[in-house]
Amino acid sequence: SLFRHAAFEISVAQPDGLLPSHAPEIAFAGRSNAGKSSAINTLVGHTRLAYVSKTPGRTQLINVFRMKNGAALIDLPGYGYAQVPEAVRRQWRGLLERYLTERENLVGLVLIMDSRRPFTELDRQMVAWFAVSGRPIHCLLTKSDKLTRQEQAKVLRDTKKIAAEYACPITVQLFSSLKKTGMDEAEAVIAPWLKI
Ligand code: GDP
């Protein structure tokens with residue numbers, strides 16, 4: 001499968017630290033605590049892969065994982081962490097925006113959102129930046145195991161409606177790292193991005 005046995009390659013302090021590359025990249029972004037590390041670990045089939053430098057307050061690094069087909073998985077720092085000083089946040093916003101709008105080999109964005117709090121203001125900001133590229137965004141509504149069936153159906157319906165308002169293609173699905181559900185669906189959406 002696509003993500004299985006991706007290997008950690010390097011951590012960089014800022015997007016500028018990523019070397020120019022022709023290999024396709026898939027970026028993972030989300031609010032801190034949305035469940036991004038868990039989702040990456042679930043997709044990749046490791047338990048500690050995205051654990052690197054997760055301690056709150058530490059310098060947040062971008063972790064690069066290499067998939068077997070040569071494509072890179074870029075684990076962006078979680079955003080919205082309240083303890084980060086405003087000056088640092090502002091600098092990061094600039095770096096992220098540049099990366100999302102200018103990185104040519106970035107084929108798609110996986111946006112991790114807590115299914116109980118989808119499309120927060122910061123999530124919308126990420127979408128707005130990346131939408132400029134015209135490339136696809138796939139949203140994983142994580143921790144779906146915390147919702148009832150009815151709530152799941154409702155959040156899926158509501159987020160699809162929001163997604164449809166954007167000009168770039170945005171797809172949405174439910175995901176649970178705890179129950180390991182949604183993995184096949186995620187792969188089915190993301191795999192075609194790599195055929196560039
Ligand atoms: P990150 O900050 O976005 O990387 O979030 P983490 O992956 O570290 O997850 C944040 C918290 O949510 C942790 O306590 C996880 O155990 C929990 N969590 C993550 N994914 C799930 C999920 O699918 N279901 C449930 N019930 N909890 C989850």
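Values quoted throughout were computed directly from the atomic coordinates according to the rules given, and no laboratory measurement underlies them. Since the model is a prediction, treat every value here as computed from it, not as a measurement. Every residue, glycine among them, receives a Cβ derived from its backbone with ideal geometry; neighbour counts consider all protein chains shown.
Okay, here's what the table says:
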quantity: Highest-MSF residue in the chain out of Ala153, Ala163, Ala87 [GNM, Cα springs under 10 Å]; calculated: Ala87
quantity: The range 123-196: C-alpha pair distances exceeding 22 Å, %; calculated: 26 percent
quantity: Dipole of the chain, positive end: most advanced residue of Ile74, Ile190, Ala34 [Cβ charges, Cα centre]; calculated: Ala34
quantity: Efficiency of FRET from Cβ geometry, Glu86 and Ser1, R₀ 45 Å, rounded to 0.05; calculated: 0.65
quantity: Most fluctuating residue given options Pro169, Pro24, Pro118, as computed from a GNM of the chain linking Cα atoms under 10 Å; calculated: Pro169
quantity: Convex hull of Cα atoms in the chain, direction-averaged projection (nm²); calculated: 10.0 nm²
quantity: Between the range 62-125 and the range 172-194, the Cα center-to-center distance that results, in Å; calculated: 18 Å
quantity: Residue of Val12, Val155, Val44 that the Gaussian network model of the chain assigns the largest fluctuation, springs spanning Cα pairs under 10 Å; calculated: Val12
quantity: Proximal lysines to Lys154, defined as alpha-carbon separation beneath 28 angstrom and excluding residues fewer than eight positions away on the same chain; calculated: Lys36, Lys143, Lys146, Lys179, Lys180
